[in-house]
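Down below is the structure, laid out as structure tokens.
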Amino acid sequence: MLESQHCLEYLEESSEMGEVNTSYVSDHQTWMNEQLAKNPQWVEDQKAGRALWWDKKQDVDTTARNAGSKVPQKSYPYDVNFFGE
């Protein structure tokens with residue numbers, strides 16, 4: 001309880017330090033915004049690529065099987081006797 005009270009006091013003090021400038025936009029973000037404005041079809045291409053590579057349904061059995069099939073790595077693979085064992 002005491003620690004959480006201390007955290008709350010710290011947050012209240014830090015918020016009084018000043019305003020945070022959120023108007024900064026990096027050169028890369030500016031360029032990306034310009035490119036997306038010129039090529040609106042890129043958004044759909046990005047979604048399709050993400051769905052193809054990243055947005056997969058997770059299967060608990062497959063995840064457990066993959067975790068169980070890992071072979072532990074030796075402690076120092078650069079040892080000269082590593083391949084001789």
Let me confirm something: among G84, G68, which residue is open to solvent by less than 90 Å² (accessible area, probe 1.4 Å) and modelled with pLDDT under 85? G84
Subset of the range 8-60 that is hydrophobic (A, V, I, L, M, F, W, C), modelled with pLDDT under 90 and part of a loop (DSSP other than H, G, I, E, B) - its residue that is least open to solvent (accessible area, probe 1.4 Å): V20
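The values are calculated or read from the model by the stated rules, or taken from the named source; none is laboratory data. Treat the numbers as computed from the prediction; the structure is a model and nothing was measured. Note: accessible area is taken over every heavy atom of the protein model, side chains too, but ligands, DNA and RNA are not part of it. Shrake-Rupley method; radii C 1.70, N 1.55, O 1.52, S 1.80 Å.
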